Structure formats: structure tokens, C-alpha cells
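Every number here is computed from the coordinates shown, using simple stated rules; none is lab data. Here the structure is a predicted model, which means the values were calculated and not measured. For neighbour counting, all protein chains shown are included, and Cβ atoms are generated from backbone atoms with ideal geometry for every residue, glycine included.
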Amino acid sequence: MLVSLALITASFRSDALDPAQSAAASALRPFEIAAERVSRPFRDAWGWSSDLVHARSENERLRKQIDQLQSQAVTDQTSIQDLERLKRLLAYRDSPRFPQDFDAIATRVIAQAPSRFEQQIVVAAGTADGLHEDDPVVTQAGLVGQVTRAFAHESRVALLTDDQTNVAAVDLKDASAIGIVRHGEGGSEALVFDRVAKTVEVLKGEVVVTAGSPGNGRLPSLYPRGIKIGVVTSVGQNDLDIFKQIQVQPFVSFSSLHSVLVLVPKSRVR
Amino acid sequence: MTADAAKAAGLLFVAVVLQVSALWTSLVDLPLVTLASIALLRGSMLGAFAGFWAGLLLDTATLGTLGFSSLLLTLAGFWTGRYGETTGRDRGHAPFTSVAVITALTTVGALVLHYLLGEAAPARLVLVDTLPKEVVLNVALTLPVYGLCRRLFPSREAAGRIGEVRLLG
């Protein structure tokens, strides 16, 4: 018990034990990767069979969505060209944008913290690969979280569903609907889009993305603007709360992450 | 004792690796169930040492605060071992009772430790939403895990009886 208490004190108050912990974690890594490889077919089979139940209804919904998005893409393309032209005309100075201003380090997820207190994962890349603490972590589907502890060859990543993760976010349809995305209640993967003013309109089905640092304040957001977070599933408000109550379903499935991308600013690499 | 310690260390190593890399859920606690089974069969001293080892492995694998899980699992291993040495001996329900109790106690202990360290400690989420499910699933896991542990750690009385058999002729 005394050794445990001494370890907690040393680990919590200083970084003295970090090299030893990093070396031990590296030694464990081959076993973790082997266990992950062995269990992956079973997890995939489970995911495949549960997806199959919803496949028919999802197929119809996606076909409708494709039709809508095809017409939307044409409009967006025109808007992008206009935007680029206006930016050039105004010599517009922008904050770092995703993905063009970032290098992505692809890495494998090797462990998940077995705790209901922390929604965190361990990835097989560290400071030796160019990662730093606070770097954003994404997948193709959207935002995953941020690096909270970086060792030489492993890093710990706090997921969006972690209690301590808060992300400045904005409704893609309405730039005035700015708020903070944080974990939802009840331990589910659903998120809450909090601190959105009642005066702005947010509708079910709209997409929420990272807001970046719109005000260019002294404390800029850790996340670049424009990373997909999720889709609004419910919107409510009452007289007692000063903000809207918005629930967001994340695009990323946090329970089945195999590999992720850690975003490293190109300015740091240079 | 040394052979038991080596077997316990190996078994807990496998349990921790499976927990962090294969199971990927916090609702089932394989290292805790394995530890409780070992401690019940081999007593408080081995339980405490095995708990410390399992906790150290867990904190290392998840890059968590070193010593956090060790403290909880050392106490869990010691308590289960004492229960096995005293009231729990030879009772069929002992593995299930001890796993249920130890799951609840380690959860409350972890909550208090997180609170003391100034970290997030969502009591309602942990105690109301997840603890009942975790207790049920851990108790369900006890049957196969305890069965395996009993094969690896046969009771000393049984081992003694086998030793007394003599071949004549």
C-alpha cells in the first residue's frame, strides 16, 4: 500500500517516472497488439451482425441523402470558387485550417483505459513521431479527441466523451450558433452542444463542426476549424435555462476505433 | 508459494492485456475477477501482491497515474484473501459474493481517489448507471474464471491427498 501511495505521489506530482512507464509500456505493446489482432475478427463480426439489422432502412435513407448531396455539391463548388477569389482579393489572413495546414500521423489504437471515469485510449505514436500534448486526434469520420499525455512511443488520447474534453463548436449551417461540445449524461456516446444562445436557430439533422478560434482571443482553441463532430439529434429549450439544450450524435464510433490520425501543425514541423 | 506467485503473475498479465486490448469495455473487469479468484484460493498475502502487480500492469498499459490501480487492487486482493481464509472457506457462493462486493468497493474507492486527486468523479454516472451492470457482468464472468483458477491453483488439501498415494508391488 505504501509503495502504491508513493507511486501515486511521484507519478502525480512529477514526470520522474515517465521514462520508466514509457519503457514498460513499450515492452507491453507487442502483447497488446497481438491481443488486439486476435480479438479484432470477433469484434468485427459483432459489429457486422449488428449493422446488418439496420442495413435496409439505412440503405434507403442513404440513397435519399446521396440525391440531396449531389445537388448540394454543385452549389458548394461554386461557393468555394467565389470564396477563394474573394480571399485573394482581400488578402485575407486566416488561422490554421484543417486539413491543409496540418500533417496527419496515422497510428494504431493499442489500448483503451478500462475505467468508467476516463474515456481515453492509448495510441502507438509518441513524441518521437512528432506528437505533442494537446494535438487534435481525428478519423475519417470526424473528431476523436486530443492527446493528453505524450510519451516517447505511446500517447494517451482523451475522447470527446471524456469528462474533461470540451470543444468550441459551431453549427455548419449557421455560423452564429457557436457553443461548446462536451460529453453527454448517462455514459452514452451522445454529446451535448452546450451554451448555444436561444436566439439562434439550430435544427435537427444539422452538422456540428469545430469552431476553431473565431475571435482570435488570447486562448485559441486547440482544434482547427472545420473538423466534423456530429449531427444534431434533438433540440429543446425551456424558460429556466439560458441556453438551448442540444444533443449531438458523434460521427465517430468511439467503441470501435482501430486507428486514428493525430494532427500535427505544419508550422511546428518546419 | 513461488510457483503460485509465478502462475498468478502470468494469469494476471494475460487478464490485463485482454482487458485493455481485446475486451474494450469498462463494464467487465477481467483483472479484478481473476484477482478475486486467485486471492480466494491462495489467501491474503498472495492476493495483495497479485493485486499490486495487476494494478501496476494496468496503469502502465493505459499510461495512467502509476500506483492508482495498484492501491485499489492491493486492497481488493488482500480483502478477498482474508475473506477466503476466514468466513468464505468452503462456501459455494464465496467467489460470487466476493466478486460482487469487491466490484462495488473498488468502484467507490476509485471514485474517492479520483475526487482526492482533483480529477473528474461523476458519482451518479458511476454508481447508478454503470455499477449495477458491472456487478452483474463481473459475477457472470466469475464462473468460468474461477473454474480456470481452481484448475491452476488446486486446493492444498487435495494436493496433499494425492501426494499420499503409494504404488505397491
**Prompt:** With each run of n ≥ 4 DSSP H residues scored as -39500 (n - 2.57), what mean residue ellipticity at 222 nm is computed for chain A after dividing by its residue count and rounding to the nearest 500 deg cm²/dmol?
**Reply:** -12000 deg cm²/dmol
**Complete:** Applied in sequence order to region B:67-80, the curve 6.51 cos²θ - 1.76 cosθ + 1.60 (Karplus, θ = phi - 60°) yields integer Hz couplings, x standing for Gly and Pro, of x, 5, 5, 4, 4, 5, 6, 4, 5, 4, x, 5, 4, 5
**Label-to-label distance, nm, for residues given as A:Ser49 and B:Ala140 (7 Å Cα→Cβ offset)** = 1.4 nm
**Prompt:** Debye sum, Cα scatterers, region A:22-171, no solvent: what log₁₀ I/I(0) at q = 0.10, 0.12, 0.19, 0.21 1/Å?
**Reply:** -0.58, -0.80, -1.22, -1.30
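Just rank A:Thr233, B:Thr80, A:Thr139, B:Thr62, fewest to most, by other beta-carbon atoms within 10 angstrom. The partial results should precede the final answer.
On the way: A:Thr233 13, B:Thr80 33, A:Thr139 19, B:Thr62 26.
Fewest-to-most Cβ neighbours within 10 Å comes out as A:Thr233, A:Thr139, B:Thr62, B:Thr80.
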**Message:** Given an 8 Å cut-off on Cα distances and at least 6 residues of separation, report the relative contact order of chain B as a percent.
**Reply:** 24 percent
**Complete:** Taking 0.36 nm per residue of separation between A:Ile80 and A:Gln164 and subtracting their Cα-Cα distance, the length gained on full extension comes to 26.7 nm
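Over chain A, what is the relative contact order in whole percent, taking alpha-carbon pairs under 8 Å and six or more residues apart?
On the way: 458 pairs, mean separation 46.8, N = 270.
The normalised contact order for chain A reaches 17 percent.
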**Asked** Not counting the cut sites, what is the longest span of chain B without GluC sites (Glu not before Pro) that DSSP labels loop and that have at most 16 other Cβ atoms within 10 Å?
**Response** B:1-118
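How about region A:23-115: which trypsin sites (Lys or Arg not before Pro) there are in a DSSP loop, with at most 12 other Cβ atoms within 10 Å of their Cβ?
Working: sites: A:Arg37, A:Arg43, A:Arg56, A:Arg61, A:Arg63, A:Lys64, A:Arg85, A:Lys87, A:Arg88, A:Arg93, A:Arg97, A:Arg108; in loops: A:Arg93.
Here the sparse-neighbourhood loop sites are A:Arg93.
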**Asked** Using a cut-off of 21 Å between alpha-carbon atoms, which lysines can reach A:Lys198, once sequence neighbours fewer than 8 places away in the same chain are excluded?
**Response** A:Lys173, A:Lys244
**Request:** Just add up the charged neighbours of B:Ala48: K/R +1, D/E -1, any other residue whose Cβ is under 14 Å from the Cβ of B:Ala48.
**Result:** 0
**Prompt:** What residues qualify as long-range amide H neighbours of A:Ala190, i.e. H under 5 Å apart, gap of 5 or more or another chain, H built at 1.01 Å from N?
**Reply:** none
**A:Leu203-A:Gln140 FRET efficiency (beta carbon distance; Förster radius 30 Å; 0.05 resolution)** = 0.75
**Other-chain or far-sequence residues with amide H under 5 Å of A:Phe102's (modelled H)** = A:Lys266
